[in-house]
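Data block below; observations after.
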Amino acid sequence: MILLNISSFTIEEIKDPTGILTGKRYEYFLDIDVDEEDELYSDQGIRLRVLYYKGTEDEKILNYYFQENNTDKIFDFALDEEEEIVVTKFCKEHLDEDNE
């Protein structure tokens, strides 16, 4: 289990130029502090890129992946169920803050 200590983040709405998609999509970049002993550790730093959906009926993570800062190298790691809940809650809370 990766300890999710989010040190900073950015969020941006992804515009749908076609107007076909329902709801809104957001891209989060969550900078994660990773212990040097963790197999995900990198000297460059690690971030979690999250594609998040918000519709009238629900909100959820559509996709995510870990990547190395500066190089954008993608790591093949998955969040466990608890971590996914934490990330979903983080995205929801910060989206709500952004819309206030």
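The values are calculated or read from the model by the stated rules, or taken from the named source; none is laboratory data. Only a predicted model underlies this, so the values are computations on that prediction, with no experimental measurement involved. Backbone-built Cβ (ideal geometry, glycine too); neighbour counts: all protein chains shown. With ligands, DNA and RNA removed, areas are computed over all heavy atoms of the protein, side chains included. Shrake-Rupley method; radii C 1.70, N 1.55, O 1.52, S 1.80 Å.
Odds and ends about this structure:
- Residues (in a loop (DSSP other than H, G, I, E, B), among the aliphatic types (A, V, I, L, M) and surrounded by fewer than 16 Cβ atoms within 10 Å (Cβ to Cβ)) located in the range 42-95: Ala78
- Selection of the range 21-34 for residues being closer than 16 Å to Glu83 by Cα and either in contact with a Gly (Cβ under 7 Å, 6 or more places away or on another chain) or open to solvent by 50 Å² or more (accessible area, probe 1.4 Å) (or both) yields Phe29, Asp31, Asp33.
- Qualifying residue in the range 4-11 (condition: open to solvent by 40 Å² or more (accessible area, probe 1.4 Å), touching a His at 6+ places or on another chain (Cβ under 8 Å) and touching a residue at least 12 places away in the same chain (Cβ under 8 Å)): yes
- Cβ-Cβ under 6 Å pairs, at least 6 apart or on other chains, the range 71-98 side among the basic types (Lys, Arg), far side open to solvent by less than 80 Å² (accessible area, probe 1.4 Å) and modelled with pLDDT of 90 or more: Lys92/Glu59
- Only one of the numbered conditions (1) free of Cβ contacts under 8 Å to residues at least 24 places away in the same chain; (2) closer than 14 Å to Leu79 by Cβ is not met by Leu51, and that is (1).
- Any pair with Cβ under 6 angstrom, 6 or more apart, that starts in the range 55-68 at a residue that is closer than 16 Å to Tyr26 by Cα and ends at one that is open to solvent by less than 50 Å² (accessible area, probe 1.4 Å) and assigned to a loop (DSSP other than H, G, I, E, B): Gly55/Gly23
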